[in-house]
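Report on one structure; see the data block that follows.
The values are calculated or read from the model by the stated rules, or taken from the named source; none is laboratory data. For clarity, every value in this text was computed on a predicted model and none was experimentally measured. Neighbour counts run over all protein chains shown; Cβ positions are idealised from the backbone, glycine included.
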Amino acid sequence: MDRDEDGTFTFKKAYGEKTQRNMRLSNYAWDKLGHLAEQTDSTRTDIIEEFVRDNTNEQEIVIKALEKFIESKKADWGKNGSQKGDFNTTSRTWDVFNQFKNLVKQSPWEVGIGEKENI
């Protein structure tokens, strides 16, 4: 974390000008922010800025995790002697998984992600 010649933290200019605000946090949250800031050589403020500016929502996180799961299964495919042919997720053994994945994409509120859209 950089400081100027007066010892004041230099803030990331990508976030624009900052205004001092007051916020109530539990000791746990304050300590967690401090730990994350230390790990990334930044400030608690930067951690909050990055969290707020991150456009990833719960639905995207779950879908990304499901895709990574498929990738790992595909990478391991064929290591077991009983696994024959090309890897695919259209077999009956993948039915429930695919139903869940489609539910997350189309109706995430059904699995507790976000709120139902009012159309």
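Some observations on this one:
- So T43, is it surrounded by 14 or more Cβ atoms within 10 Å (Cβ to Cβ), out of contact with any Gly (no Cβ under 7 Å at 6 or more places or on another chain) and modelled with pLDDT under 90: yes
- Meets criteria (within 27 Å of N102 (Cβ to Cβ), loosely packed, with under 10 Cβ neighbours inside 10 Å and among the polar types (S, T, N, Q)) for N88: yes
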